[in-house]
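Asker: The structure that follows is given in the form of structure tokens.
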Amino acid sequence: MAVPTVNIQIEQGADFATTYTITNSDGSVYNLTGASAVAKVKKYPGASSSSSMSTSLIASTGKIQVSLANTITSELDPGRYYYDILVTDSSNKKTRVIEGQAIVTPGNL
């Protein structure tokens, strides 16, 4: 499965959430039964520090929702970041299912 690149915009100081439908290369829904997911935002791909995004899965529809609370987004400096979502399936196989740039826009804090 090729990893889709999806760029997002996060407003500093605001709650953020988005939902993705994960599909296989043939267009069928990716099987998320028994899976878990982690998502992180980093200043650059090799950075040692990151902010974890909350994740929730709807296995039957292949949907993954990721979110950041306003307490987290208020700590992000405006600018370009990178993020990805990694799924671990029921057999412990890890697959990156989404990646992209996250632009944090300044808030009026």
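Asker: With +1 on each Lys and Arg Cβ and -1 on each Asp and Glu Cβ, and nothing else charged, work out how big the dipole of the chain is about its Cα centre, in Debye to the nearest 20.
Answerer: Computed about the Cα centre, the dipole is about 260 debye.
Asker: Follow-up. Find the Cα radius of gyration of the range 8-105, compare it with 2.2 N^0.38 Å by division, and give the number to two decimals.
Answerer: Cα-based Rg divided by the globular estimate yields 1.10.
Asker: Any idea what the relative contact order of the range 8-105 is, in percent, if you count C-alpha pairs under 8 Å spaced at least 6 apart?
Answerer: Worked out over the range 8-105, it gives 37 percent.
None of the figures in this text is laboratory data; all of them are computed from the coordinates on show. Everything numeric in this text was worked out from a predicted model, so none of it was measured. All Cβ positions, even for glycine, are placed from backbone atoms using ideal geometry, and neighbour counts span all protein chains on display.
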